[in-house]
Amino acid sequence: MKVYAGMSARRAMCDLRDLGERGLLSRVPHFNSVLNALENPALAPVLTAMIEESAGPLSALESDFAVDSSGFSSRSIARWFSEKYGKEKSRMRWIKAHLMVGTRTNIVTSVEVTDSSAHDSRFLEPLLNASMQRFNVERLLADKAYSSVRLLGRINDARAVPLIPFKYNATGRAESYPNRSAVDIWEKMYRFYMYRRDEFLGFYHKRSNVETTFSMIKAKFGAYVRSKTPVAQMNEVLCKVLAHNLCCLVTVHVRTRD
């Protein structure tokens, strides 16, 4: 509720008291209890499990998935000394959220939150593995940051079609890679990308839905985090994603009912 309302812990108490009066909370917590919960590292796996579970009801609607990352800024300052200019510099800290989303409903099926230096390609496999627990992944769309023989082979092993553009210096040959099935799917998708580009782009345009999902989250719940410590900042981003999923569930329910 604090993250959904987009307010400080003190100001969010008005909503929490209202929920308590309506019987939706058995006990209204002190605002410090809310902040202490965000500071607890044990909260992250609970929120992650809730995000994945909240996506489950839409499993029958999704077959195409997109993966990407985006940053959430904070109000913390990072300082360092520049040898080039001989003086101290500073910049705002930010953290990165890696999401896999369904391209039809924009539901987040899996999430990883890291510091700003984590490379996107490291998290495709855990995101895919988590999404496959509840969804039948038929096609996976991603940008060139995820273009590698290993990742295309992993997606193919999951019986999904990897729709990932190739970098300018890529070739259709990868004989040196030890995994033969990964080499085969790399060569096959390279030919598809090079010689049937219009058909490839006909599928690939759905990747923009992951950008839409980030835009939805940031527009509704803010593009920055209020928390000051890294643990609380990561938990706050997970709360944003969970609130987004709940909003998606309500939207799909209303449309289905109408």
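A few comments on the model shown:
- Ala66 passes every criterion in (1) part of a helix (DSSP H, G or I); (2) closer than 19 Å to Cys247 by Cβ apart from (1).
- For segment 193-216, the set of residues classified as touching a residue at least 40 places away in the same chain (Cβ under 8 Å) and surrounded by 18 or more Cβ atoms within 10 Å (Cβ to Cβ) consists of Tyr204, Arg207, Asn209, Val210, Thr213, Phe214, listed by residue number.
- Check on Ile155, touching a helix residue (DSSP H, G or I) at 6+ places or on another chain (Cβ under 6 Å) and at pLDDT 90 or above: no
- Among residues of segment 1-23 that are in contact (Cβ under 8 Å) with a residue 60 or more places away in the chain and outside the structural domain of Asn245 (by TED's automatic domain parsing), those with a Cβ under 9 angstrom from a residue that is in a loop (DSSP other than H, G, I, E, B) and of a type in the set (S, T, N, Q), sequence gap 6+ or separate chain, pair up as Lys2/Ser8.
- Conditions (1) more than 16 Å from the chain's Cα centre (by Cα); (2) on the phi < 0 side of the Ramachandran plot; number of the one not met by Glu112: (1)
- Any hit, segment 168-182, residues being of a type outside the set (Gly, Ala, Ser) and assigned to a helix (DSSP H, G or I): yes
- Scanning segment 146-185 for residues that are among the aromatic types (Phe, Trp, Tyr) and within 24 Å of Ser208 (Cα to Cα) yields Tyr146, Phe166, Tyr168.
- Out of Asn106, Asn156, one residue alone is of a type outside the set (A, V, I, L, M), under 28 Å from Thr251 (Cβ atoms) and either in contact (Cβ under 8 Å) with a residue 24 or more places away in the chain or in contact with a Lys or Arg (Cβ under 8 Å, 6 or more places away or on another chain) (or both). It is Asn106.
- Boolean, Lys167 is of a type in the set (Lys, Arg) and exposed (fewer than 14 other Cβ atoms within 10 Å of the Cβ): yes
The values are calculated or read from the model by the stated rules, or taken from the named source; none is laboratory data. All values derive from a computational prediction rather than experimental measurement. We place every Cβ from the backbone using ideal geometry, glycine too, and count neighbours over all the protein chains shown.
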